Structure formats: structure tokens, C-alpha cells
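Have a look at the structure below, then the notes.
None of the figures in this text is laboratory data; all of them are computed from the coordinates on show. These numbers come from a predicted model, not from an experiment. In this analysis, Cβ positions are derived from the backbone assuming ideal geometry, glycine residues included, and neighbour counts consider all displayed protein chains.
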Amino acid sequence: MSSETTTARRAPAAPAPPPLAGREQAGRAQRARRHVRRYWQLWTMLAPAIGFVVVFAYVPMYGIQLAFREFDFAAGLTGGGWVGFKYFVQFFESPLFWDLMRNTVVISLATLILGFLTPILLALVINQILRSRVKRFVQTVTYLPHFISIVVVVGMLQVFLSPSSGLITRFLGIFGLDDINYLGSTSAFVPVYVLSDIWQHTGWNSIIYLAALAGVNTQLYEAARIDGASRLQIIRHVDVPALVPTMIILLILNMGGVLNTGFEKIFLMQNTLNLPVSEVIATYTYKIGILSSQFSYSTAIGLFNTVINFAFLVLANQIAKRASDTSLW
């Protein structure tokens, strides 16, 4: 036997190549390290925000387990007997379930639809103002109500809608509508809530649409005017198409909170007269959990509300993705 054959037999076998999954994982880790080394300044600036979200958004999610446990004050969040879906069934069988769902859906949908359309209309109107001084004045006037405290807004509603001395009540009395207690009427509560919410937030919510309109190529306006297009035609064929992507994204985000009514405002506007239409899931959860100390029951209600909102978010995103090329993911 030759020496070459003996050497070949004694030579160690070549190591087997790592599996494909391992190579891909190593490649991703290497790319991630290069990315962090290259943009470490940006990640350093982002670190406080990430920490804030983790501490105040993700860590409290541990308490979701209370929806499936019998809360024990001695054991805290980590203790209590496992009861499964007991509190969910209790909520579904509650006599207040359908009333709460109806009130929440009515107020939320009314606020969502009108509160979604009015900022678009306001942005289109402001965009048509040619004088910059007038335009800035209109923007300032419509933005200011957003910075008014909700407590102050509810106080203003109580003053202006007072049955005896309210300014708006006296004005509506000219048209024969002075015999209505607007804050105590079950038929007037939802319109008052929605209209006051629109008044407070429409101007502020129109900012993002004005920013989208500011990015429209001015040559499109010039071409439309040369072709003889009127203002309404320019709005229809130039402005509205430019707003569609922004409208879709904001609508998807709003659908993610379709059952999240404004707790503070509704709670402050509540009284014994309008309670049949003003009691929503958010206020009921507060009363059950904080005032009555039924923490497991209130956690189950809040989790149910969150799951429904998440389902609407996913559904709206999928519909937008199929109907257009704009979606969150």
C-alpha cells in the first residue's frame, strides 16, 4: 500500500456544513449586529421610547391572567384559583350585556363616522383658501378647542345647555326646542356627545390631511385649471385621490378602537336621567373594577373589549389590502 493511500486514510474527514436553518439564523444575527453598529446613535435615541412602551404597555399585560383567575388580595396578580371563562360567561349572561353593547356601538360608530368625515371636509375647505393670513386664522381657530380640558368642555356643555339659563337652550327655544333637557334626555345625549366631540377635535384631526394636500404636485392644479376644471372638480379629481391613502390608514387605525369610547367625557356627562344610553363598556368596567373591587370580572370585560377591537383592526386591514394597495401590513 502506498504512502499516499495511507495518508489519505488517516486524514480527518471534512466537517459537514451547518444546516440551512442554522446558516440563515447566523446570517440574520450578523446583519443585525452590523445594523446596530452602523446606526447605534439612532437606537440610543430610540431606547427611552422602547423602554417606556415595554414598561407601561407590555409589562402590565401580565395582569390579563386575572380574567381567568379568582382574584386574591393576599396573592396579588400572581395568585388566585383558576376559573377559566367563568367571568366571560358571567358578563355574557348579564342583563346589562346587550344594553352596554348597544350604547357602546351606537356612540362609537356615530363618533367614528362623523369624526372621520368632518376633518376631511375641513381640510378640503382650508386648502381652498388662497390668502395665507386668512388660512392661518381659520386653522388657529379650529385647532384651539383640541387643547381645552375635557372637564372644561363638559362644564361648558352644562352651562350652555342648562334648561333654565343655557345660551344654546335659549337659542334653540326660538325654534320651539326649549323644553328639552339636553344633558338629561336619553334621545339628546348621543347627539350632544358626538357634536361636541366633533367641535373639539375636527380641527386638530385635519392637520394630517392638510399635510397630505401640501404634498400634491402643483402642476396637477395648473393642468386642471387649463382644462377648465371648476373648484369642485379639482377637489374631486385631484385633492380626494391624494387623500385616499391617508384616509385608508387612519380608518384602519380608528377601527382598532371602535369600541373604545371616550371614558372621561362620558363619565363626566353621565347622570341618573341619561344613564340608560350613556352607560358603556368603559364606564361599566370602571364601576365594577374600581368602585366595586371586582377586579377579575372587570379584567374579563376589558379583555373582551380589546379582543373585539383587535378583530375589527385585522378585518379592516384585510379589506383595505384586498380593495387597494394600502394597508398596515
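So the values come out like this:
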| read-out | value |
| --- | --- |
| Set of the range 279-299 residues, backbone N closer than 19 Å to the point 7 Å along the Cα-Cβ line of residue 149 | none |
| Nearby lysines by direct alpha-carbon distance to residue 265 (threshold 19 angstrom, same-chain neighbours under 8 apart not counted) | 287 |
| Gain on full stretching of the segment that runs from residue 56 to residue 92 - 0.36 nm per residue minus C-alpha separation | 10.0 nm |
| Alpha carbon centroid spacing (whole Å) that separates the range 77-155 from the range 27-61 | 32 Å |
| Proxy reagent accessibility, fewest Cβ within 10 Å first, across 239, 72, 325 | 325, 72, 239 |
| Residues with amide H under 5 Å from that of residue 69, placed H, sequence gap 5 or more | 83 |
| Cα gyration tensor category, rounded, prolate or oblate, for the range 248-303 with a/c compared to 1.5 | oblate |
| Among 302, 262, 81: highest mean-square fluctuation, GNM of the chain, C-alpha pairs under 10 Å | 81 |
| Chain lengthening between residue 314 and residue 236 when straightened (0.36 nm per residue, less Cα-Cα) | 25.1 nm |
| Highest-first arrangement of 246-256, 111-121, where packing means the average Cβ count within 10 Å | 246-256, 111-121 |
| Whether the range 12-150 is rounded, prolate or oblate, judged on the alpha carbon gyration tensor where a/c under 1.5 counts as rounded | oblate |
| Karplus (6.51, -1.76, 1.60) ³J(HN,Hα), θ = phi - 60°, over the range 64-76, in Hz, Gly and Pro reported as x | 4, 4, 4, 5, 10, 10, 8, 4, 10, 4, 6, 8, x |
| Highest-fluctuation residue, 69, 31, 131 considered, GNM on the chain with Cα pairs under 10 Å | 31 |
| Projected label distance in nm at residue 271 and residue 156, using a 7 Å step from Cα toward the beta-carbon | 2.0 nm |
| Calculated P(r) of the chain - Cα pairs past 29 Å, % | 61 percent |
| Where a label projected 7 Å from the Cα of residue 322 along Cα→Cβ would reach, residues of the range 236-265 with amide N under 19 Å | 248-249, 251-253, 255-256 |
